[in-house]
1. So, R0 is 25 Å and r is the distance between the beta-carbons of GLU112 and THR11; what FRET efficiency does that work out to, to 0.05?
2. Rounded to the nearest 20 debye, what is the charge dipole size of the chain about its Cα centre when +1 sits on each Lys and Arg Cβ and -1 on each Asp and Glu Cβ?
3. Where does each of THR97, THR3, THR120 land when they are ranked from fewest to most other beta-carbon atoms within 10 angstrom?
4. Work out, step by step, the length gained on full extension between LYS2 and ASP92: first 0.36 nm times the residue separation, then minus their alpha carbon distance; give nm to one decimal.
5. In the range 9-95, with Lys and Arg counted as +1 and Asp and Glu as -1 at Cβ, which of these residues, ALA19, LEU93, SER79, has the Cα nearest the positive end of the dipole, that is, farthest along it?
6. Students often check this: by mean Cβ neighbours within 10 Å, which of 71-79, 54-62 ranks highest, and how do the rest follow?
7. Through the Karplus equation 6.51 cos²θ - 1.76 cosθ + 1.60, θ set to phi - 60°, convert the phi angles of the range 68-84 into ³J(HN,Hα) values in whole Hz; use x for Gly and Pro.
8. Quick one: of the DSSP bridges fully inside the chain, what percent are antiparallel, nearest 5?
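Please treat every number below as a calculation from the coordinates, not as lab data. Not measured: the values here are computed from a predicted model. Don't worry about glycine lacking a Cβ; one is built from the backbone with ideal geometry, like all the others, and counts go over all protein chains shown.
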Amino acid sequence: MKTTNAMRLLTAAGIPFRAAEYAFDVNDLDGHHAAEGIGMPYDQVYKTLVTQAPDAPGELYVFCLPVNAELDLKKAAVSVKKKRLEMLPLRDLFPRTGYIRGGCSPIGMKKEYPVRIEETAQLFDIVAVSAGERGVQLLLDPVDLCHFVKGDFADIIH
């Protein structure tokens, strides 16, 4: 297995994690496939979504939520004290974060952005997030993840 930047950063910080590989299909990157591929319930496998404030397009906000959930943009905006948020256009994802769709991790983006993790993550000992590459997930304690990305837990789903 290839070591990703996210893995290197967690290792350097002394944060325990386990990596899990799965076969992926570029036409099926919704996250359900990742959960099935690593044998974890949907509500423990988290996708990473990146948003921006329309009135400040230079400001990005990162949200981690279960693959079976939908981001509530109003709740997300409240959690970062913004009036409104919109999804970052896909064409801007790689240039702004260093990650591509289906391999976007909250760990190791080009810059530190505010991160919110769905509060239900705290119900689990382990959650999975992308390792920063399609086909690889990182399994780790959600509290460790939250501390590492300097994030907060928040109610951000419908």
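1. 0.85
2. Using only the charged Cβ atoms, the result is roughly 660 debye.
3. THR3, THR120, THR97
4. Additional length available on full extension: 29.9 nm.
5. Of the listed residues, the answer is SER79.
6. So the peptides 71-79, 54-62, ranked by packing, come out 71-79, 54-62.
7. For the range 68-84, the Karplus curve yields 9, 10, 10, 5, 8, 4, 5, 5, 4, 4, 4, 5, 10, 6, 10, 6, 8 Hz.
8. Roughly 75 percent of the beta bridges in the chain run antiparallel, per DSSP.
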